[in-house]
Amino acid sequence: MTPAATPYYDALETRPAELREQQLMAALPLQIAHAQAHAPAFADLLRGVDASTITSRAALARLPVTRKHELLEHQKAARSRDVFGGYSAIGWGARRGALRVFASPGPIYEPEGQARDYWRVARALYAAGFRAGDLVHNAFSYHFTPAGAMMESGAHAIGCTVFPGGIGQTEQQVQAMAELGASGYVGTPSFLKLILDKAAAMGVTLPGLTKALVGGEAFPPSLRDWLAARGVAGYQSYATADLGLIAYETAAREGLVLDEQIIVEIVRPGTGDPLPEGEVGEVVVTTLNPDYPLIRFGTGDLSAVLPGTCPTGRTNTRIRGWLGRADQTAKVRGMFVHPSQVADIARRHPEVRRARLVVSGEMANDQMTLQVEVAQSIEGLTARIADSIRDVTKLRGDVILSEPGTLPNDGKVIEDARKYE
């Protein structure tokens, strides 16, 4: 455990970026081989892949992306044999090793292994100012989903004491925080606001509450400032039940720093194609967790890589935080249109640099327009792209050519601009 005097949880946070990349790429083929050997779903998905050759990001990008709906489908298909659908290397009975099992909406079942700070949340808590001896009021759910356990295990790793508040019952939450003297809060930011509003209505002060690590929903600057005005410094965490911690906010307030035990790619929605720094795309994560060895797992979240490193001295890559959802499937004239189809259309025409499908019109009068960036207009290109739209989607659509850099950098591949009034 890190001494309280240092601002860093451990030495991994400040290692040279080149060393971090070398160590991650050295661990990558071992993790892939482990997944092939111990997680049947990846044994099938990566059949024929020589793990020893996956030693670079370029090689990693050639592997398929697994998205949450696919994981759910595998789990449902294998319920009687393996509730984890073949993605987990641990379980119970003959495949022992799981400390607990959780259920997220779907239901999707997630294992918790026996490693200390299994979800690696201690790093985010430490960056938010939590230290040994703090009493942490944990207002994440302990029911079915792992959020409560994620934060509790991270707090215990630092040396904090935890009150398992869970959700709801704001009056009782205020009473417990006041009488126990909680110094920190973990939970959703909106629930913290409800608690503080309830405390004010009750005439109860919480002078010891000075810090918070929040997650599970957006944390706008206006709410951050509202909390700060009441003496609470709130920091964001970005984690999922499948992957654990992905990124966390620091005192610099400039994006979120990536966790040290994952490999993150930003890919074009609907594809597995990595995007250059700064472009908005889907967050795809490869975890080095041996118990749940997810390889190129698509989170469905949008973000983008920020240039440079954190002013706090942490040298890992930063991302902008949560910028929306990558699943932009739209139903047009009774047919589903997916981002992967837009990508397929663009790939058929080398002249196309970026594409964005805009669905407009009113109810029962859908119209599709594919906006594409091209370096120069070529005779007949518009008609050929229109033919590809019809071939791929089985729907007719217009085509608008524009110059490179014209389309917004917001990660949207399909924009639903229909009016339903």
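Ordering 285, 49 by the number of other Cβ atoms within 10 Å of each residue's own Cβ, fewest first, gives 49, 285.
Based on the Cα atoms of the chain, what semi-axes does the equivalent ellipsoid have, where each is the square root of 5 times one gyration tensor eigenvalue, given in whole Å with the largest first? Before the final figure, lay out the partial values.
Numbers: eigenvalues 304, 144, 95 Å².
Ellipsoid semi-axes (Å, largest first): 39, 27, 22.
Bridge orientation summary for the range 330-416: considering DSSP beta bridges with both residues in this region, about 60 percent are antiparallel.
Pull up the DSSP beta bridges for the chain and report the antiparallel fraction as a percent, rounded to 5.
Working: 41 of 67 bridges.
Expressed as a percentage, antiparallel bridges in the chain total about 60.
Extension gain residue 377-residue 78, at 0.36 nm per residue separation less the Cα-Cα distance, in nm? Before the final figure, lay out each step's value.
Working: separation 299, 0.36 × 299 = 107.64 nm, distance 5.06 nm.
Length gained between residue 377 and residue 78: 102.6 nm.
Inter-part distance, the range 88-119 to the range 154-168, computed on C-alpha centroids, equals 20 Å. Here the calculated FRET efficiency for residue 230 and residue 10, from their Cβ-Cβ distance with R0 = 30 Å, stands at 0.40, rounded to the nearest 0.05.
Counting Lys and Arg as +1 and Asp and Glu as -1 over every other residue whose Cβ lies under 12 Å from the Cβ of residue 119, the net charge comes to -3. Taking the chain as a Gaussian network of alpha-carbon nodes connected by springs under 10 Å, the highest mean-square fluctuation of the residues 14, 406, 299 belongs to 406.
Multiply the residue gap between residue 57 and residue 402 by 0.36 nm, knock off their C-alpha separation, and tell me the result in nm, one decimal place. Each step should come with its number before you reach the end.
Values: separation 345, 0.36 × 345 = 124.20 nm, distance 3.14 nm.
The span from residue 57 to residue 402 would gain 121.1 nm if fully extended.
Would you work out which of 401, 360, 350 lies farthest towards the positive end of the dipole of the range 330-416? Charges go on Cβ: Lys and Arg +1, Asp and Glu -1. The Cα lying farthest towards the positive end belongs to 350.
Here the relative contact order of the chain, from alpha carbon pairs under 8 Å that lie six or more residues apart, stands at 12 percent. Calculated translational diffusion coefficient of the range 330-416 (37 °C, 0.692 mPa s; Stokes-Einstein with Kirkwood radius over alpha-carbon pairs) equals 253 µm²/s.
Every number here is computed from the coordinates shown, using simple stated rules; none is lab data. For clarity, every value in this text was computed on a predicted model and none was experimentally measured. All Cβ positions, glycine included, derive from the backbone under ideal geometry; neighbour counts span all protein chains shown.
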